[in-house]
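Since the structure comes first, as structure tokens, the remarks are kept for the end.
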Amino acid sequence: MNSKTLREKFLAFFETKGHKVIPSASLIPENDPTVLFTTAGMHPLVPYLLGEKHPEGSRLCNVQKCMRTNDIDEVGDAWHLTFFEMLGNWSLGDYFKKEAIEWSFEFLASKKWLGIDPNRLSVSVFAGDKDAPKDTEAADIWKKAGIPEKHIYYYPKSENWWGPAGEIGPCGPDTEIFFDTGKEKCGEKCEPKCNCGKYAEIWNLVFMEYNKKKDGTFEPLAQQNVDTGMGLERMIAVLNGKDNVYETDLFKPITEKVKSQILKVKTTSQKLKVDQARALRIITDHVKASAFILTDGVTPSNKNQGYVLRRLIRRAVRYGKLLGIENNFCTEAAKVVVDMYKNIYPELLQKQNFIIEELKKEEEKFEGTLSNGLRKFTKMGAGNKVSGKEAFDLYQTYGFPLEMTLELANERGLRVDEEDFHKEQKKHQKLSRAASSGMFKGGLSDASEMTTKYHTATHLLHAALREVLGKHVEQRGSNITPERLRFDFSHSEKMTPEQIQKVEEIVNQKNRQKLPVICEEMSPEEAKQKGAIGLFRHKYGDRVKVYSIGSPSQGSGQVFSREICGGPHAQNTDKLGHFKILKEESSGAGVRRIKAILK
Ligand code: SER
């Protein structure tokens, strides 16, 4: 059975039971700032589970887009996903346990619907505790419906209680349905909760009759609701006898596309020791999730949903590089995602250009710094520990999300000083605050982003001046605020209007060319040899940071600008804005001063 048929069957079945099909809500919760993503089909329905009237009535069903970030590290195994779809049916104070259980059994076991042999089904029910009684009622209904008694298990809250989606809200005991995959038992005590792979959880029926309050206690809701959820990807895998979700029509085309791009660089990929299957799964999951998150209007950033998106894309890029893929593969894979889902979620097609553009930008941005960051990382880990400062440098200079550093460290058996990382981050934010003149609507982040851009523009200006006026031009001073740059340099004559215009043109041309800004560490001698501009009369430490701007395809000899500098810098020249020189004047004997802005 393919996913299309299962979607159709599920909704058609519940329509015969008086349910209205409602559309999937956005992945970004509209009315719940406490969580970043819609994590279950019930999530957008919370007001109705609490008693508000739903315009479509009290029996609803749908297929909901869901995103669960807590499973991100597990992705790569057989079943875990970040983005997935959930088939669900709801009773809003309408039917309760009897109908919910009987109908799910009918849908699974009836020849007219899925026709699963009831002997392959097991269920678990709530064992009872101080908050709610043992659910013998649910167990009795299962028995009557046709589940053998020895296939009924009683578990505590850890297994058989669902919700709330955030800190507080509707929740309740649940009953879970498991499918026997036919695998050997893992031991005498093998049972559904042991997670050995013999039993696959396929459907969860929640009896939502409690409200969890702030103080941690549970009060009965005004109405008894039913909330069920069946993971589409798992169910399709199980129905087709697959032992992992990636073998289904919901993933295969994406994985195939990614794989096809590895073949182009066979030689490099063969050299790498990497669990290819796992890497492909991670890329497949992450690209699909990214496409859906972008569709719902989020762009990569360092905050909230944007940060999760950035993590997903960058992690995919990193695994792509591990596999030896050298071209932009995320966009190619995302096109496949759009194609696969456009008939179910037309918004993907409408947003196709946006998805591709944003993915491309983020992929390129990270590609520019990834290999240098990785090289840097291999030198870290003195005393088996990556310090907070080092982790922050990876974050700030090379764009490594903290979680990626943690993952890399884990692979090498190193610890990361997370606490110190956060301290470094706070310190940096304070510095940004000091730099902020308060005129930036977006506050601190905008102010520090602007100074970073001016910093990069200063390097471009420096290189452009040397091109137009001659190699005698050397930096004599620099001062940057979020509003402008000021640059002093050695030159003895007033610049002509033509020279000024030429310099502006060069800088703006470099901005238009979207050049990556690359940071490398080396010895001062090496920097000098490579033609880096720097004040070599000064004393440098053993290692210096060298920032290069220019197309990597032009080779190392031909970068436009190469300077010894502490950073930080923009990762690419594309977003700097239009460069304009406001003033050119004398600043002492043989020194000129330029004030310029980015618009
Ligand atoms: N809310 C429950 C779950 O996510 C059932 O839909 O499993």
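Any idea which of 78, 197, 124 is furthest toward the positive side of the dipole for the chain, if Lys and Arg beta-carbons carry +1 and Asp and Glu beta-carbons -1?
With unit charges placed on the Cβ atoms, the residue in question is 78.
Using amide H atoms built 1.01 Å from N in the peptide plane, name the residues 5+ places from residue 385, or on other chains, whose amide H lies under 5 Å from its own.
Residues meeting the criterion, in which the H sits 1.01 Å from N, are 415.
Where a Cα-Cα gap under 13 Å defines reach, which aspartates and glutamates qualify for residue 65, not counting those fewer than 8 residues away within the same chain?
Result set, ordered by chain and number: 85, 233, 296, 347.
Using Cα-Cα distances under 8 Å and only pairs 6 or more residues apart, what relative contact order does the chain have, in percent?
9
Taking amide H atoms as placed 1.01 Å from N in the peptide plane, list the residues 5 or more away in sequence, or in a different chain, whose amide H sits under 5 Å from that of residue 591.
For residue 591, the qualifying residues are 491.
Given the pairs 17/150; 214/389; 97/150, which span a C-alpha to C-alpha distance of over 28 angstrom in this model?
Violating the 28 Å Cα-Cα cut-off are 17/150; 214/389.
Can you tell me the order of 283-293, 311-321 when each peptide is scored by its average per-residue count of other Cβ atoms within 10 angstrom, highest first?
Going from most to least packed, we get 283-293, 311-321.
Tell me, what HN-Hα J-couplings in whole Hz come from the Karplus equation 6.51 cos²θ - 1.76 cosθ + 1.60 at θ = phi - 60° for each residue of region 571-582, using x for Gly and Pro?
7, 7, 7, 5, 9, 5, x, 7, 8, 9, 8, 8
Give the order of 473, 238 when sorted by the count of other beta carbons within 10 angstrom, beginning with the fewest.
Least to most surrounded, the residues fall as 473, 238.
Place a point 7 Å from Cα of residue 11 in the direction of its Cβ. Which residues in region 74-118 have their backbone N less than 15 Å from it?
Residues 85-90 qualify, since their backbone N sits under 15 Å from the label point.
So which of 193/385; 360/580; 20/198; 193/423; 342/376; 130/193 end up more than 31 Å apart, counting from Cα to Cα?
Table pairs above 31 Å Cα-Cα are 193/385; 20/198; 193/423; 342/376.
Could you state the number of Å between the C-alpha centres of region 290-305 and region 180-246?
Measuring centre to centre over Cα atoms gives 28 Å.
Give the angle, between 0 and 90 degrees and rounded to the nearest 10, that separates the Cα long axis of helix 402-411 from the longest principal axis of the Cα atoms of the chain.
On a 0 to 90 degree scale, this one is about 80.
Taking the alpha-carbon distance from residue 583 and a cut-off under 16 Å, which lysines remain once sequence neighbours fewer than 8 residues away in the same chain are dropped?
List returned: 494, 502, 595, 599.
So what is the 222 nm mean residue ellipticity for the chain from helices alone, if each DSSP H run of at least 4 adds -39500 (n - 2.57) and you divide by all residues, rounding to the nearest 500 deg cm²/dmol?
Only helices count here, giving -12500 deg cm²/dmol.
Could you give each residue of region 590-598 its phi-based ³J(HN,Hα) in whole Hz, using Karplus coefficients 6.51, -1.76, 1.60 with θ = phi - 60°, and x for Gly or Pro?
Each residue of region 590-598 in turn: x, 10, 10, 10, 10, 10, 9, 10, 10 Hz.
Sort 151, 472 so the one with the fewest other Cβ atoms within 10 Å of its own Cβ comes first.
Ranking 151, 472 by Cβ neighbours within 10 Å, fewest first, gives 472, 151.
Could you give me the ³J(HN,Hα) list for region 287-299, computed from phi with Karplus coefficients 6.51, -1.76, 1.60 and θ = phi - 60°, whole Hz, x at Gly and Pro?
5, 5, 4, 4, 4, 6, 5, 4, 4, 8, x, 9, 10
What distance in nm separates the two pseudo spin-label positions at residue 1 and residue 493, each 7 Å out from Cα along the beta-carbon direction?
Those two pseudo-labels are separated by 8.3 nm.
Give, as ranges by residue number, the residues of region 118-138 whose backbone N falls under 15 Å from the point 7 Å along Cα→Cβ of residue 193.
Zone members listed by number: 123-130, 134-135.
Would you pull out the residues with amide H under 5 Å of residue 400's amide H, same chain only if 5 or more places away, H placed 1.01 Å from N?
Correct list: 395.
No lab work stands behind these numbers, since they all come straight from the coordinates. From a predicted model like this one, the values you see are computed outputs, not experimental measurements. Every residue, glycine among them, receives a Cβ derived from its backbone with ideal geometry; neighbour counts consider all protein chains shown.
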